[in-house]
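Q: After the structure tokens below, expect a handful of questions from me.
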Amino acid sequence: MSLWKSTAVTLEMIKWEHSIFALPFALTGAVLAAGSWPSARVLGWIIVCMVAARSAAMAFNRLVDARLDAANPRTSMRAIPAGVLSARFVAGFVLISSAVFFLGAAMLNRLTLLLAPVALAVVLGYSYMKRVTRWSHLVLGLALGIAPSAAWIAVRGSLDPRIILLTLAVLLWVGGFDVLYACQDFEHDRNVGLNSVPQAFGLTGAFWIARIMHLGMLVTLFGLVHSFHLGRVAVVGICVVALLLLYEHLIVSPKDIRRMNAAFFTLNGIISVVFFGFIATDVLLRR
């Protein structure tokens, strides 16, 4: 297989387009930090860092989970277990993506570069958490949740505790929908001894835990609005997010998870974009 074709298969494998989940929250952090749009240069390097870090994390996850994916009927046709890509090629992709991430961090400011190894350790470390704890979903949430705080640091060169509220909100949001997504592997995880909330608490328990996480997300977002003295547009945005989350929980249930992909990919992508749109509009209108 040619280099370009292998790269294309790798990008498909890691679903690079799903960077949209975290990128709008990173952009929200940047807009809040700047009180407006950050400069094109800073914005561009933030996007480079986000896409590179996520690409490294997803490829690394596919690499270390190749044996587990091969044993799971739902994931056995992924590129590495199916023999479409070699582990060596994917490892090279991880290294290149990581290098691009460090380059982007260096182009922003000194603190982003100093903290880049910590951020990369979090996003790569998630891949091992399912072997260790049933709460790996929260580690994935943290991996995406650090994006707005990282973007704040990229703009300001320092960290404001207020932006940590957005990190917490994203952590709970991602953790909740990852709990739901893991319900698809409930039987497999129990059979092979992998840790997850559904494996530990059953499908009904997992759904309730996801609901609690998403309720916590909404509460935290209202706290964010209060901390930054945002206005009605931001409040309306959070209400729209709440309705989308409600719909997400209505189209799947412990007895019927057939629409899980729609809930996971489509709705969560919409949620992140909608949230960014309303918060950015509120900030820009208040200039």
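Q: Kindly check whether there is at least one residue in the stretch 249-264 that is surrounded by fewer than 14 Cβ atoms within 10 Å (Cβ to Cβ) and within 17 Å of the chain's Cα centre (by Cα).
A: So far as the stretch 249-264 goes, yes, one or more of its residues are surrounded by fewer than 14 Cβ atoms within 10 Å (Cβ to Cβ) and within 17 Å of the chain's Cα centre (by Cα).
This table checks each residue for (1) in contact (Cβ under 8 Å) with a residue 60 or more places away in the chain; (2) over 19 Å from the mean Cα position of the chain (by Cα).
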{"site": "Arg131", "(1), (2)": "yes, yes"}
{"site": "Val139", "(1), (2)": "no, no"}
{"site": "Ala143", "(1), (2)": "yes, no"}
{"site": "Ala151", "(1), (2)": "yes, no"}
{"site": "Val155", "(1), (2)": "yes, yes"}
{"site": "Leu159", "(1), (2)": "no, yes"}
{"site": "Ile163", "(1), (2)": "yes, no"}
{"site": "Leu168", "(1), (2)": "no, no"}
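For (1) of a type outside the set (Val, Ile, Thr); (2) within 18 Å of the chain's Cα centre (by Cα); (3) surrounded by fewer than 21 Cβ atoms within 10 Å (Cβ to Cβ), each residue gets a yes or a no:
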{"residue": "Val84", "(1), (2), (3)": "no, no, yes"}
{"residue": "Ala106", "(1), (2), (3)": "yes, no, yes"}
{"residue": "Ala116", "(1), (2), (3)": "yes, yes, no"}
{"residue": "Pro148", "(1), (2), (3)": "yes, yes, no"}
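Q: Does the stretch 214-231 include one or more residues that are over 30 Å from Leu43 (Cα atoms) and either in contact with an Asp or Glu (Cβ under 8 Å, 6 or more places away or on another chain) or aliphatic (A, V, I, L, M) (or both)?
A: yes
Q: On to the next question. Scan the stretch 32-52 and give yes if some residue there is within 24 Å of Lys130 (Cβ to Cβ), among the hydrophobic types (A, V, I, L, M, F, W, C) and part of a loop (DSSP other than H, G, I, E, B), otherwise no.
A: Checked against the condition, which is being within 24 Å of Lys130 (Cβ to Cβ), among the hydrophobic types (A, V, I, L, M, F, W, C) and part of a loop (DSSP other than H, G, I, E, B), the stretch 32-52 yields no hits at all.
Q: Further question on the same structure: Let me confirm something: among Leu85, Leu111, which residue is touching a residue at least 12 places away in the same chain (Cβ under 8 Å) and either assigned to a helix (DSSP H, G or I) or in contact with a Gly (Cβ under 6 Å, 6 or more places away or on another chain) (or both)?
A: Result: Leu111 is the single residue among Leu85, Leu111 that is touching a residue at least 12 places away in the same chain (Cβ under 8 Å) and either assigned to a helix (DSSP H, G or I) or in contact with a Gly (Cβ under 6 Å, 6 or more places away or on another chain) (or both).
Q: A follow-up question, please. Which number in (1) of a type in the set (Gly, Ala, Ser); (2) surrounded by 15 or more Cβ atoms within 10 Å (Cβ to Cβ); (3) touching a Leu at 6+ places or on another chain (Cβ under 9 Å) marks the one condition that Gly277 misses?
A: Unmet condition: (3).
Q: Can I ask one more? If you go through the stretch 190-200 one residue at a time, how many are without any contact (Cβ under 8 Å) to a residue 24 or more places away in the chain and either buried (at least 20 other Cβ atoms within 10 Å of the Cβ) or under 28 Å from Val241 (Cα atoms) (or both)?
A: 1
Q: Considering every residue within the stretch 79-87, establish whether at least one is at pLDDT 75 or above and touching a helix residue (DSSP H, G or I) at 6+ places or on another chain (Cβ under 7 Å).
A: Among the residues of the stretch 79-87, at least one is at pLDDT 75 or above and touching a helix residue (DSSP H, G or I) at 6+ places or on another chain (Cβ under 7 Å), which makes the answer yes.
Q: Check whether at least one residue in the stretch 276-286 is aromatic (Phe, Trp, Tyr), within 16 Å of Leu32 (Cα to Cα) and in contact with a helix residue (DSSP H, G or I) (Cβ under 6 Å, 6 or more places away or on another chain), and report yes or no.
A: yes
The values are calculated or read from the model by the stated rules, or taken from the named source; none is laboratory data. What you see is a predicted model, and the numbers here were worked out from it, not measured in a lab. Here the Cβ is made from the backbone with ideal geometry for all residues, glycine too, and neighbour counts use every protein chain on show.
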